[in-house]
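Comments concern the structure below.
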Amino acid sequence: MNAIYLIGFMGAGKTSVSRKLAESLTVSHYDTDLEIVEAAGKSINDIFTIEGEAKFREIESAVLKTMPQYDAVIATGGGVVLAEENRRQMRSSGTVIFLYAEIGEILQRLEGDHSRPLLQENKLEAAQLLYSSRLPLYRQTAHFEIDTTSKSVSEIVKEIIVSMN
Ligand code: S3P
């Protein structure tokens with residue numbers, strides 16, 4: 001099986017869906033955010049604060065290149081689609097699935113969350129701006145789009161498996 005990349009906005013459920021999907025397909029699970037933390041030896045918030053977003057993106061692209069091309073489900077960070085090289089790499093080396101959720105639901109899911117450096121100030125406006133600028137990038141990168149709005153992780157996993165067959 002070619003690697004499956006899950007892409008989508010922060011709070012779209014990539015981490016929990018990827019874990020369950022990998023378990024259902026009995027393949028390995030990877031999360032690029034976790035790999036970045038390991039590679040940098042610091043938290044994502046610290047990478048952004050101390051080294052800046054550009055450095056984070058550099059590590060993110062480098063980590064993406066180390067991901068397996070077969071028998072794996074890979075959860076990615078919401079900004080992975082910003083770099084053209086990342087979009088090209090994912091599309092050509094695996095199946096890319098966009099987990100879509102309506103902005104209202106995303107905002108609800110991110111309420112009270114302080115782990116995302118890009119949403120520390122003016123959260124509502126920042127999230128809305130990022131969301132609308134990235135939507136076209138998710139859509140142009142993905143082979144499939146799954147609407148996750150109001151769905152459970154199990155329902156989403158089932159839908160992914162059906163749409164891939
Ligand atoms: C980011 C999303 C985060 C993480 C970093 C930047 C983004 O991952 O990579 O905070 O630019 O959207 P999640 O999408 O898993 O929250």
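The values are calculated or read from the model by the stated rules, or taken from the named source; none is laboratory data. Quantities reported herein were computed from a predicted structural model and do not represent experimental measurements. Here the Cβ is made from the backbone with ideal geometry for all residues, glycine too, and neighbour counts use every protein chain on show. Side chains included, ligands, DNA and RNA excluded: accessible areas come from the protein's heavy atoms. Shrake-Rupley method; radii C 1.70, N 1.55, O 1.52, S 1.80 Å.
For the reader, a short list of remarks on this structure follows.
- Euclidean distance between Cα centres, the range 26-101 to the range 108-138, Å: 18
- Student exercise, the chain dipole from Lys, Arg, Asp, Glu Cβ charges, in Debye to nearest 20: 320
- Tail weight of P(r) past 22 Å, computed on alpha-carbon pairs of the chain, percent: 39
- Dividing the mean sequence gap of close Cα pairs (under 8 Å, 6+ apart) by how many residues the range 1-154 holds gives a relative contact order of 36 percent.
- List MET1, MET164, ordered by accessible area with a 1.4 Å probe, largest first: MET1, MET164
- Among complete DSSP H helices in the chain, those whose alpha-carbon atoms stretch at least 20 Å along the helix's long axis and whose mean Kyte-Doolittle hydropathy reaches -0.5 are 123-141.
- Whole-percent carbon and sulfur share, accessible surface of the chain, 1.4 Å: 50
- Note on the chain: lysine pairs with Cα distance below 16 Å, sequence gap of 8 or more or different chains, count 6.
- Here the chain is scanned for GluC sites (Glu not before Pro) in DSSP loops (not H, G, I, E, B) that have at most 13 other Cβ atoms within 10 Å, and the longest stretch holding none of them is 1-101.
- Å² of accessible area per residue within the chain, as computed with a 1.4 Å probe and no ligands counted: 50
- Around ARG57: net Lys/Arg minus Asp/Glu count, Cβ-Cβ under 11 Å: -4
- Rounded accessible area of LEU25 (nearest 10 Å², 1.4 Å probe): 50
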